[in-house]
Amino acid sequence: MALQPIKQVRGTGVYVPGDDIDTDQIIPARFMRCVTFDGLGQYAFYDRRLDQSGASLGHPLDDPRFAGAGIFVAGRNFGCGSSREHAPQAMYRFGIRAVVGESFAEIFFDNGIAMGMPCVSVGHDDARQIGQAIEAAAKVEIVVDIEEQIVRIGDRSIGCTMPENGRQSLLAGTWDALEVLLAGADQARALAERLPC
Amino acid sequence: MGRNLFQKVWDRHLVRMLPNGKAQLFIGVHLIHEVTSPQAFAMLRERGLEVAYPDRTFATVDHIIPTDTRQRPWQDRRAEEMVVALENNCRECGITFFDVASGSQGIVHIIGPELGISRPGITLACGDSHTSTHGALGAVAFGIGTSQARDILATQTLALDPLKVRRIAVHGRLQPGVYAKDVILQILQTLGVNGGLGYAYEYAGDTVENMSIEQRLTICNMSIEGGARAGYVNPDQTAFDYLKGRPYVPTGDDWDKAVQRWRDVASDPDATYEDEVSFEAAAIPPIVTWGINPGQSVGVDEKIPDPDALPEDKQDSARRALKHMRLAPGTPIKGTKIDVAFVGSCTNGRISDLREVARHIKGRKVARGVKALVVPGSQRVRTQAMDEGLHEVFIDAGFEWREPGCSMCLGMNPDKLVGDQVCASSSNRNFIGRQGSPKGRTLLMSPAMVAAAALHGEVVDVREVFDYDSTG
């Protein structure tokens, strides 16, 4: 099953400032009592968006100006904490297709790649400026260019980085590693036979 | 040139390099549980694939299992659905499931070592970030997501980039009342919650060498809280003595050969590391977290910091933390009132943790108004504790004695904080909402510190309230 290469992701943006946003914030544990990922989108950032009576807390994800945003802009160490893939899945099913942030927790980043949701890193000030640009002009188009390693917003181009091998797998359409791994099955079996118990 | 353990284990398990530059790494053991496996099996079925190595796959139920009753079906319909999915998947695929009937059920990172499934020199993965725990036995063990779990089910391999290795050496003797939990909390405080990004941590030095396996498990458990996906201790005689006779380890001649192999997998004396950091054990106090990530901590004698006085990159998180925790900068952490005390979790739910708590609370009572739980990490731990009469000590003191499971660590089962309760906890995470209530507040500390807080209704210094002279 060939996958689509991911070279660019386009969309409008939503800025969620703050460092060390962890996976419990992204998807509270009680919403992980499920056997599929279906329907998880509505629970993304649930406890930061709604108070216990269900009233809106005015989170950017619920701001009508940013409705339909596909590019999520974050701070430092985004996605830290649990390995739960439910976290990037909830964001993806909410409508997010790429994350631009200062830095990412490793497991979150890997989960994002496996799902085809790239996470790219920009400098501390750049992240803030991109966020401010979105707040100034909510519907400005953002292009996350994986190939050129640039984030374009309005007439600005900002350099971004991501671990090279993750980047290569997006560009080659091997971001979902299963096919590639299956191709190595015989070699894996040979190694397994050589391994001691 | 010498290699460190990570490099040796990596090289041994490398199937091939992939076109995108990643390695295809064979995974020696895959542990699964009910939360991150259902979707992985479903994805497998969608593609018409089978589990490639069922004999290298082991399952348990831990995150959602109630700890107050074992009666089925569980009241939580969704949780019941998840465990039924796991039962069905294991049965259909021929995977060993350590369910309640097996007598070996428990938290995945507690049962792996106690069954001898986790061992030196293997790669081990599980859909849970605290998989780093198993590194205490000299494994390269790390957490993965659900799609990666699917990859392992289908191929027993992953596409990965290697980690750099930071050697963290701890020297000298711990003060009485200071535990392995305090050592890792100190390391996290100093190196930060993302200092380990891209790294595996090798824990070394005479302090670590003198630790028991259970102490090493506590340290390795929280590697991920520092951003390090894996953490390990070089296998030594302590590890071999721990493993001998456990259900899944070799016996006879195979045992002797295994021990020799395990000795060889330890880091070479001339191994190189990306960098090295040292800590003096004697300088480490009992530590308590005040914030919303495990790096936001102080010694029990210290005051909660002023965010303005912190490095720039820590200020934002510190302000959010103090707002949530409703703690004031400049106030001592000692004396912080607690509502709940939780002894348990994959960090500190083992027999040595329970013994240490029992030893100090014997004859004393939980403070009025405090809800206190002791949750053994596995059925084996529970049975051992009861054989030793520890449960009677807990119950007499006013602690609830529970069945094994993740319990109050993470709010996916009925054990949750209510409202803005403050919990003294022996677990590993204090994120907002972690313990099941969006307004709940978590203070991480050692099990002895949890016990002391339970008795006094507030954070206290174990060195002042418990006797450490008689056993030293």
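What's the average, rounded to a whole number, of partner chain beta-carbon atoms within 10 Å of each residue's beta-carbon in B:352-365? Can you show the working numbers first?
Values: counts 0, 0, 0, 0, 0, 0, 0, 0, 0, 0, 0, 0, 0, 0.
That works out to 0 on average.
Cα centroid distance between the stretch A:1-69 and the stretch B:228-288, in Å?
40
Would you please name the trypsin sites (Lys or Arg not before Pro) within the stretch A:103-197 that are DSSP coil residues with at most 14 other C-beta atoms within 10 Å of their C-beta? Let's see the in-between values first.
Numbers: sites: A:Arg128, A:Lys139, A:Arg152, A:Arg156, A:Arg167, A:Arg189, A:Arg194; in loops: A:Lys139.
For trypsin sites (Lys or Arg not before Pro) across the stretch A:103-197 that sit outside H, G, I, E and B with at most 14 neighbouring Cβ atoms in 10 Å, the list reads A:Lys139.
Would the stretch B:247-380 count as rounded, prolate or oblate if I go by the C-alpha gyration tensor, calling it rounded below 1.5 in a/c and otherwise prolate when a/b exceeds b/c, oblate otherwise? Could the numbers behind the result be given before it?
Details: a/c = 2.81, a/b = 1.40, b/c = 2.01.
In terms of gyration-tensor shape, oblate.
Show which lysines lie in cross-link reach of B:Lys371 when reach means a straight Cα distance below 18 angstrom and same-chain residues fewer than eight apart are skipped.
Of all the lysines, those that pass the test against B:Lys371 - Cα under 18 Å, at least 8 places apart if same chain - are B:Lys337, B:Lys362, B:Lys416, B:Lys439.
Within 10 Å of each Cβ of A:164-174, how many other protein chain Cβ atoms are there on average? Don't skip to the answer; put the middle values down first.
Values: counts 4, 8, 5, 2, 5, 6, 1, 1, 3, 0, 5.
Shielding by partners across A:164-174 averages 4.
Between A:Pro88, A:Pro28, A:Pro118, find the one with the highest GNM mean-square fluctuation for chain A; connect C-alpha pairs within less than 10 Å.
A:Pro28
Which GluC sites (Glu not before Pro) does the stretch B:5-107 hold that lie in a coil by DSSP with at most 13 other beta carbons within 10 Å? Spell out each step's value before the answer.
Working: sites: B:Glu34, B:Glu46, B:Glu50, B:Glu80, B:Glu81, B:Glu87, B:Glu92; in loops: B:Glu34, B:Glu50.
Filter output for the stretch B:5-107: B:Glu50.
If every alpha-carbon in the protein assembly as shown counts as one equal scatterer, what log10 I(q)/I(0) does Debye give at q = 0.06, 0.11 1/Å?
Debye output, listed in q order: -0.30, -1.11.
Take the Cβ-Cβ distance between B:Met386 and B:Gln315 as r, set R0 to 45 Å, and report the resulting FRET efficiency rounded to the nearest 0.05. If you can, show how the numbers build up before the last one.
Values: r = 48 Å, r/R0 = 1.07.
FRET efficiency, B:Met386 to B:Gln315: 0.40.
Would you list B:His33, A:His59, B:His171 from fewest to most Cβ contacts within 10 Å? Write out the running numbers ahead of the final one.
On the way: B:His33 25, A:His59 17, B:His171 14.
Ascending number of Cβ neighbours within 10 Å: B:His171, A:His59, B:His33.
Please arrange B:Trp290, B:Trp262 by how many other C-beta atoms lie within 10 Å of their C-beta, fewest to most. Walk me through the numbers on the way to the answer.
Details: B:Trp290 25, B:Trp262 21.
The fewest-first ordering by Cβ neighbours comes to B:Trp262, B:Trp290.
Could you check how many percent of all C-alpha pairs in chain B are farther apart than 33 Å? List each step's numbers first, then the result.
Working: 37504 of 111156 pairs.
For chain B, the fraction of Cα-Cα distances above 33 Å is 34 percent.
Could you work out how far apart the two model spin labels at A:Asp38 and A:Leu57 are, taking each label as a point 7 Å from the Cα in the direction of the beta carbon, and quote it in nm?
A separation of 2.9 nm, rounded to one decimal place.
Using a 10 Å cut-off on Cβ to Cβ distances, tally the other chain neighbours for every residue of A:102-114 and report the average as a whole number.
On the way: counts 1, 3, 2, 7, 14, 9, 2, 1, 10, 5, 1, 3, 8.
Mean shielding count: 5.
What list of ³J(HN,Hα) values in whole Hz, one per residue of the stretch B:166-174 in order, does the Karplus curve 6.51 cos²θ - 1.76 cosθ + 1.60 (θ = phi - 60°) give from phi, with Gly and Pro shown as x?
The phi angles translate into 9, 8, 10, 9, 10, 10, x, 9, 5 Hz.
What's the exposure ranking of B:Ile284, B:Ile107, going from fewest to most Cβ atoms within 10 Å?
Result, fewest neighbours first: B:Ile284, B:Ile107.
Looking at chain A as a GNM with Cα springs under 10 Å, which of A:Thr12, A:Thr23, A:Thr36 has the largest mean-square fluctuation?
Between A:Thr12, A:Thr23, A:Thr36, it is A:Thr36 that shows the largest mean-square fluctuation.
For labels at B:Asp467 and A:Gln132 in the simple 7 Å Cα→Cβ model, what's the distance in nm?
6.4
Please work out, to two decimal places, the log10 of the ratio I(q)/I(0) at q = 0.14 Å⁻¹ from a Debye calculation in which every Cα of the stretch A:8-194 carries one identical scatterer.
Here log10 of I(q) over I(0) equals -0.76.
Return the distance in nm (one decimal) between the two label points of a simple spin-label model at A:Leu3 and B:Ala328, each offset 7 Å from Cα along Cα→Cβ.
The two pseudo-label positions are separated by 5.3 nm.
Calculate, in nm to one decimal, what B:Lys337 and B:Lys362 gain on full extension: separation in residues at 0.36 nm each, minus their alpha carbon distance. Don't jump to the answer; show the numbers that get you there.
Details: separation 25, 0.36 × 25 = 9.00 nm, distance 2.22 nm.
Extending this stretch completely gives an extra 6.8 nm.
In whole angstrom, note down how far apart the Cα centers of the stretch B:397-416 and the stretch A:81-102 are.
Measuring centre to centre over Cα atoms gives 29 Å.
What residue among A:Leu182, A:Leu57, A:Leu171 shows peak mean-square fluctuation when chain A is described by a Gaussian network model with Cα springs under 10 Å?
The residue that fluctuates most here is A:Leu182.
Sequence neighbours fewer than 8 away in the same chain don't count; with that in mind, list the lysines whose C-alpha is under 30 Å from B:Lys22.
A:Lys7, B:Lys8, B:Lys164
All of the numbers you see were taken from the coordinates with simple rules; none came from a lab. What you see is a predicted model, and the numbers here were worked out from it, not measured in a lab. Note that we place each Cβ from the backbone using ideal geometry, even for glycine, and neighbour counts take in every protein chain shown.
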